[in-house]
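Taking it in order: structure first as structure tokens, then the write-up.
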Amino acid sequence: MSTYDDDNVNYDDANPPEESNNRTFLIAAGGLGLLVLLALLCLGGYFFFSNTSAQQAQQTAVVQGTQQQATIQAGVSQTAIAQAQTQAAQPTNTLPPTNTPVIAEATATSSPTSNPATATVAAAFTQIAVSTQTIIATSTALPATGIADEFGGPGLAVMAIALIAVILLVRRLRAAPTR
């Protein structure tokens, strides 16, 4: 016979049964879920507010372009009017001059006064000319760095959902009874 009896087998080496109520995991999972939800809300708010500011910038650019176009159109019409007046004042056919002696006499002439409307139009033309010749350096490109530039917002959301699914699946597999 053997010195060991089959009835006296020591089962202390086996793992103790798992608890069915694991509060620590539930608190951690809830915290992570809340964190992901908060991140998604922040991401939605960012897209909402950045889209609104982009629309405002676009509308401002359209208004400025319209104002500049109106100024240019006014200048073009003034130029056309001035050219029409110049062409209307062309000299007519005159008889050739005769041999008459010309005596030079000094006369007092007053200097012509400038028209304020003409001075305003000339100033506007000067500003238009300066604005079309000045090159304003602006940066239009954004840096292409970071994880959001590689995967984008929807890709990050899909990765977050996949990681939550992994957490829940692992928890489910740990709680499943072994055979």
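Does Leu173 qualify as being exposed (fewer than 10 other Cβ atoms within 10 Å of the Cβ) and modelled with pLDDT of 85 or more? Here the answer is yes, as Leu173 does meet what is asked. Checking each residue in the stretch 113-132 for being within 11 Å of Gln78 (Cβ to Cβ) and without any contact (Cβ under 8 Å) to a residue 40 or more places away in the chain picks out Ala117, Thr118, Thr120, Ala122.
The values are calculated or read from the model by the stated rules, or taken from the named source; none is laboratory data. Every value quoted in this text rests on a predicted model; they were computed, and no experiment measured them. Ideal geometry is used to build each Cβ from the backbone, glycine not excepted, and the neighbour counts take in all protein chains shown.
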